[in-house]
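*Asks:* Sharing a structure, written as structure tokens. Questions coming.
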Amino acid sequence: MSDLVRLGRNADGGYLLPSEVLDQIDGCLSFGLGAEWSFEQALFELKDGRIKPENIVFFDASISVFGILKSLIYIGRRTVYEIRTRKPKSERKFKLEDLKRSLIALVIYSPTFKWRKNKFRHIKLFVVHNAIKGNEISFVDALSHRIDPKRTIVKIDIEGGEWDLIRNAQDVDLLADVPVLIMELHDTRRTEFLQLVESLKGYFWIAHLHGNTSDRCTESGMPLYLEMTFVNKRFSPKSGIRTKLPIDGLDFPVRPGEAPYEFVFGNA
């Protein structure tokens, strides 16, 4: 859509959503924290005091100062190994950019979630469909942390766990009041992907999608990772259907220098 704005960094972690909907947002529930939270930080800064920091809530049991440090050491060792063995860049699992992101995360994690006066909430639990382990919280219980469900973005980036969260129509119904649903879908199996999108279309329209440009696709040619923004149907699109993606000036590759994944849409 023509009124899209980008929140977050110009790489992995940034997402697009309609500017008009931002006026109706008071919070964000993020399943998955990872090594950066530029989207949530940008949302907080854009609203300029109209979002309470405690209304930005993250769920992730894997992230802590110790966890980031452990990940940093592992990524560093693997990066050095792949460089020393002269592995082609296209085949490297770890990049210097990943190392840089983890290092930055280590430096800013504590000030953002522990020491800062206006700190975001980090609940150290994994969001799963049905919680069994002590470090898990159910999908239903996680959604209950929204102060106002109709004014809270839900963002899901849990490295493939999204397929377990949204299994059926009852799970989709739990999201019916969400103003904006942002998802990064991993291992985009065609049948399951189409079923998920079709079920979400009952409450949402697709505002944007972006192929994670890591040069990996499924057998059907779909990006292996697909970032999508769904907007509740109570908000009407302000423009027509976009026929091509990516959008210059708004869409960026996950890593600098990678070619964008292009989409062309028909009139059907």
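The values are calculated or read from the model by the stated rules, or taken from the named source; none is laboratory data. Keep in mind that what you see is a predicted model, and the values were worked out from it rather than measured. Heads up, the Cβs are rebuilt from the backbone with ideal geometry, glycines too, and the neighbour counts pull from every protein chain shown.
Conditions (1) touching a Leu at 6+ places or on another chain (Cβ under 8 Å); (2) more than 23 Å from Leu245 (Cβ to Cβ); (3) crowded, with 20+ Cβ neighbours inside 10 Å, marked per residue:
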{"position": "Arg9", "(1), (2), (3)": "no, no, no"}
{"position": "Asp12", "(1), (2), (3)": "no, no, yes"}
{"position": "Tyr15", "(1), (2), (3)": "yes, no, yes"}
{"position": "Leu22", "(1), (2), (3)": "yes, no, no"}
{"position": "Trp37", "(1), (2), (3)": "no, yes, yes"}
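*Asks:* Hey, among the residues in segment 42-83 that are assigned to a loop (DSSP other than H, G, I, E, B) and of a type in the set (S, T, N, Q), which one's farthest from Glu159 (Cα to Cα)?
*Replies:* Initially, segment 42-83 is screened for residues assigned to a loop (DSSP other than H, G, I, E, B), giving 48-52, 60-64.
Now drop any that are not of a type in the set (S, T, N, Q), which leaves 62, 64.
On the way: Ser62: 12, Ser64: 18 Å.
Only one residue tops the list, namely Ser64.
*Asks:* Taking segment 13-41 as the region of interest, how many residues are over 16 Å from Lys124 (Cα atoms) and outside any helix (DSSP H, G or I)? Can you show your working first?
*Replies:* Of all residues in segment 13-41, those over 16 Å from Lys124 (Cα atoms) come to 13-28, 38-41.
Checking which are outside any helix (DSSP H, G or I) leaves us with 13-18, 23-28.
Number satisfying all stated conditions: 12.
*Asks:* Looking at segment 99-131, which of the residues that are assigned to a helix (DSSP H, G or I) and among the aromatic types (Phe, Trp, Tyr) is modelled with the lowest pLDDT? Before the answer, list the steps.
*Replies:* First, the residues of segment 99-131 that are assigned to a helix (DSSP H, G or I): 99-115.
Right, trim to among the aromatic types (Phe, Trp, Tyr) and you get 109, 113, 115.
Values: Tyr109: 70, Phe113: 73, Trp115: 62.
Across segment 99-131, the extreme among qualifying residues is Trp115.
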